[in-house]
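Visitor: The following block contains the structure, expressed as structure tokens.
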Amino acid sequence: MDVDYFDELRKIQRRERKVSLSQIPEDFYESAAKFLLSLESEKKWKERENAYLVIKDIYERRREKIVRAALKYSIAEKPQYMTKNEEKFYNAILEIIKDDEKYFMEILNSGAAAEKIEKEIEEAIEKENEKKQLDIVEEKEKRIINEMEKVEKIEKIEER
């Protein structure tokens, strides 16, 4: 087993345990695959399995960081040190997230529009009810005034 290459894999794995992506060679995954093939051809099964697990861990950690970055795209910058393939992955996820967000906002806005219309209808009904109540009050006032005028006329007649 190429001990130096395995040590390099472990260094990358340690760096990937940090929050941000670490810089890796553009051809990292291709080189890692060649390394696994060489271990396989040398029939170093245990070493191959160990190397595979380290490479897989690196890949999964990087993928998780990329997905998290895509989820936070509106408040964060694009992650540095992505390979071209990782950048394609990031952009694809970002597009899906943006489409989903657009759909979500359309639903909210259509819901808000429906709520606004419903509120306007309720307000119109409330104004109509207030107007009816005002009309009733005005009608009662007119009756009272009319009755008071009648009473005044009667009082004037009685005073004579």
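Read-outs throughout are calculated quantities, based only on the coordinates presented, and are distinct from any laboratory measurement. Everything numeric here is computed off the predicted structure, so don't read it as measured data. Note that each Cβ is placed from the backbone with ideal geometry, even for glycine, and that neighbours are counted across all protein chains shown.
Visitor: What is the extension gain from Tyr81 to Leu36, computed as 0.36 nm multiplied by their sequence separation minus the C-alpha to C-alpha distance, in nm to one decimal?
Guide: Going from the current span to full extension adds 13.9 nm.
Visitor: So for the chain, taking the charge dipole from beta-carbon charges (+1 Lys/Arg, -1 Asp/Glu), which of Asn129, Tyr29, Ile145 sits furthest toward the positive end?
Guide: Tyr29
Visitor: Same structure, new question: Need the C-alpha centroid separation for the range 1-34 versus the range 111-160, integer Å.
Guide: 83
Visitor: In nm, give the distance between the simple-model label positions of Lys140 and Ile96, each being 7 Å from the Cα along the Cα-to-Cβ direction.
Guide: Here the answer is 6.6 nm between the modelled labels.
Visitor: Would you mind working out the magnitude of the charge dipole of the chain relative to its Cα centre, with +1 at each Lys and Arg C-beta and -1 at each Asp and Glu C-beta, to the nearest 20 Debye?
Guide: 1220
Visitor: Report the percentage of all Cα-Cα pairs in the range 3-82 whose separation exceeds 19 Å, rounded to a whole percent.
Guide: Summing the P(r) of the range 3-82 above 19 Å gives 40 percent of all pairs.
Visitor: Among the trypsin sites (Lys or Arg not before Pro) within the range 23-88, which fall in a DSSP loop and have no more than 12 other Cβ atoms within 10 Å of their own Cβ?
Guide: Within the range 23-88, the qualifying trypsin sites (Lys or Arg not before Pro) (loop, at most 12 other Cβ atoms within 10 Å) are Lys43, Lys72.
Visitor: Which angle from 0 to 90°, rounded to the nearest 10, does the C-alpha axis of helix 84-159 make with the longest principal axis of the chain?
Guide: 10
Visitor: Taking θ as phi - 60°, what are the ³J(HN,Hα) couplings along the range 35-45 by the Karplus curve (6.51, -1.76, 1.60), each to the nearest whole Hz, with x for Gly and Pro?
Guide: 4, 4, 4, 5, 5, 5, 5, 8, 6, 9, 5
Visitor: Sorted from fewest to most neighbouring beta carbons within 10 Å, what does the list Val67, Val137 look like?
Guide: The fewest-first ordering by Cβ neighbours comes to Val137, Val67.
Visitor: Just Ile97, Ile66, Ile144 to compare: in a GNM of the chain, with alpha carbon springs under 10 Å, which one fluctuates most?
Guide: Taking springs between Cα atoms under 10 Å, the residue moving most is Ile144.
Visitor: How big is the dipole moment of the range 3-82 about its Cα centre under a simple scheme where the beta carbon of each Lys and Arg is +1, that of each Asp and Glu is -1, and everything else is neutral? Debye, nearest 20, please.
Guide: In total the dipole reaches around 440 debye.
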